[in-house]
Amino acid sequence: MKLLQFKIIYLMLCLGLSNQLWSQSLVDDANLSMAADGSSGSFSETIKIISSSKKIFILTNNNQQLGPGDFISLALEDKLAARAVVAKTHQGQVGIKILKIYSVSQWSKLRRNIEVQIVKGDDSFFMKKPEVKVEEPTTAKIKSEDDLFTGDVVSDDDLGILDENKNRHIKPDNIVAITGSYFQANEVESRGGTIKSPLFGLSWSYQFTDNYFVEGVYGRSLIDNYPAEGSQTLVNQMTARLKYNIKGPAYTYFMPYIGFKSQTVSSPDAGKGPSNSPAQNDEELVVIDELEKSGPVFGVTLLRRLVPGWFIKADLGTDVLNVGFAIEF
């Protein structure tokens, strides 16, 4: 009888100890799981391209952890710099759009060809930062690469973007362009007709207030065998313009302008032909004098965005008809 009682007591003790050990194991496993979920791991990628507005970045995707629609944070030196969303992946690289700037000092250090830390998803636990959750927009979606050009994906008011003026159709202050066209001049009466020569232009526009630009334009054309065989004539054009920017459809911009143009001519051999008659020399001087002119001009500039930061440009005005390429910065 005593032996039976002893066996029962021993069995109850074993069952009690095993239950305590099993319960403790479950608690430990739960704590480990919660600790793992609460930490945010990071990995490194390299910045390849930064747009002029510093809103669009192209990064490497060497870790193959980024896909369209992922929300990520960029960090330098274990300090968060900015919040972004992945817009597109292509050939081992990703395009992202910046949503919010965390630290202006860290943001200013971002440049091409440097490695940055990427925090995917929730970044509130990164380096034990204060737990301030970033509300991710639920209605905005990246549907195509065209969304990189628009401001409709994320509300700037809600996300506090610091580097944009919403009143401006073109955000940067400066636009530099290279253009080409033809310059036409009348021949002397003895030869008759007109002559055409390539005219190359360089322009710089500065946005001094929202959508108002002041622009300086320089044009140059070197005409061979003008006004006579074996001579050269150099034409220089200087134009100042005041322009207003109007946003059109399909990433186009129309800039009506008024301005003033001055055209000077250099032709050292004009009117000095040794075999020419006095009348022929006078004709050469007359056509050269006709080229030197100045006065008011007006017209419109057309800009069509090709990719972020780049435009195709055309000037249609009383001063010139040309086409070329422009870049904003």
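The values are calculated or read from the model by the stated rules, or taken from the named source; none is laboratory data. These numbers were taken from a predicted model, which means no experiment stands behind them. Cβ: placed from backbone, ideal geometry, glycine included. Neighbour counts: every protein chain shown. Heads up: the accessible areas ignore ligands, DNA and RNA and are worked out on the full protein's heavy atoms, side chains in. Shrake-Rupley method; radii C 1.70, N 1.55, O 1.52, S 1.80 Å.
The number of residues in the stretch 298-312 being open to solvent by 10 Å² or more (accessible area, probe 1.4 Å) and either in contact (Cβ under 8 Å) with a residue 40 or more places away in the chain or among the acidic types (Asp, Glu) (or both) comes to 7. For first residues located in the stretch 209-220 and more than 11 Å from residue 246 (Cα to Cα) and free of Cβ contacts under 8 Å to residues at least 24 places away in the same chain, partners that are open to solvent by 60 Å² or more (accessible area, probe 1.4 Å) and among the aromatic types (Phe, Trp, Tyr) and lie 6+ apart or on another chain with Cβ distances below 6 Å form the pairs 220/200.
The condition of being over 19 Å from residue 295 (Cβ atoms), of a type outside the set (Val, Ile, Thr) and assigned to a strand (DSSP E or B) holds for residue 253. Of the residues making up the stretch 185-203, those that are hydrophobic (A, V, I, L, M, F, W, C) and closer than 25 Å to residue 238 by Cα are 185, 195, 199, 200, 202. Here the stretch 50-65 is the region considered, the condition is being out of contact with any Lys or Arg (no Cβ under 7 Å at 6 or more places or on another chain), modelled with pLDDT of 90 or more and surrounded by 14 or more Cβ atoms within 10 Å (Cβ to Cβ), and the residue that is nearest to residue 80 (Cα to Cα) is 57. Scanning the stretch 270-297 for residues that are of a type in the set (D, E, K, R), within 22 Å of residue 217 (Cβ to Cβ) and without any contact (Cβ under 8 Å) to a residue 60 or more places away in the chain turns up 292, 293.
Here's a check for you: in the stretch 256-274, which residue that is out of contact with any helix residue (DSSP H, G or I) (no Cβ under 8 Å at 6 or more places or on another chain) and assigned to a loop (DSSP other than H, G, I, E, B) is surrounded by the fewest Cβ atoms within 10 Å (Cβ to Cβ)? Among them, the one singled out is 274.
Of all residues in the stretch 216-232, those being within 30 Å of residue 254 (Cβ to Cβ) and exposed (fewer than 15 other Cβ atoms within 10 Å of the Cβ) number 3. Taking every residue in the stretch 76-102 that is under 13 Å from residue 48 (Cα atoms) and pairing it with any residue that is assigned to a strand (DSSP E or B) and aliphatic (A, V, I, L, M), at least 6 positions away or on another chain, the pairs with Cβ-Cβ distances below 6 Å are 93/58; 94/59; 94/86; 95/58; 95/87; 96/84; 96/86. Against the list (1) surrounded by fewer than 16 Cβ atoms within 10 Å (Cβ to Cβ); (2) modelled with pLDDT of 95 or more; (3) of a type outside the set (Asp, Glu), the condition residue 155 fails is (2).
Report yes if residue 327 is closer than 30 Å to residue 57 by Cβ, among the aliphatic types (A, V, I, L, M) and either modelled with pLDDT of 90 or more or open to solvent by 90 Å² or more (accessible area, probe 1.4 Å) (or both), otherwise no.
So residue 327 fits the description; yes.
Can you name the residue in the stretch 66-75 that is on the phi < 0 side of the Ramachandran plot and touching a residue at least 60 places away in the same chain (Cβ under 8 Å) and is also surrounded by the most Cβ atoms within 10 Å (Cβ to Cβ) among such residues? If we take residues in the stretch 66-75 being on the phi < 0 side of the Ramachandran plot and touching a residue at least 60 places away in the same chain (Cβ under 8 Å), then 71 is surrounded by the most Cβ atoms within 10 Å (Cβ to Cβ).
Taking the stretch 204-226 as the range and being under 22 Å from residue 318 (Cα atoms) and more than 19 Å from the chain's Cα centre (by Cα) as the test, the residues that pass are 212, 214, 215, 216, 217, 218, 219, 220, 221, 222, 223.
In the set 290, 284, which member is closer than 15 Å to residue 191 by Cβ and open to solvent by less than 40 Å² (accessible area, probe 1.4 Å)? Testing whether each residue is closer than 15 Å to residue 191 by Cβ and open to solvent by less than 40 Å² (accessible area, probe 1.4 Å) leaves just 284.
Considering the stretch 295-314, and only residues there that are within 11 Å of the chain's Cα centre (by Cα) and part of a strand (DSSP E or B), the residue that is modelled with the lowest pLDDT turns out to be 307. For the stretch 202-215, the criterion of being of a type outside the set (Val, Ile, Thr), within 30 Å of residue 275 (Cβ to Cβ) and surrounded by 21 or more Cβ atoms within 10 Å (Cβ to Cβ) is satisfied by no residue at all. The set of residues in the stretch 105-122 that are under 16 Å from residue 70 (Cβ atoms), in a loop (DSSP other than H, G, I, E, B) and either modelled with pLDDT of 90 or more or open to solvent by less than 10 Å² (accessible area, probe 1.4 Å) (or both) is empty.
Checking 101, 96 one by one, the residue that is modelled with pLDDT of 60 or more and more than 30 Å from residue 212 (Cβ to Cβ) is 96 and no other.
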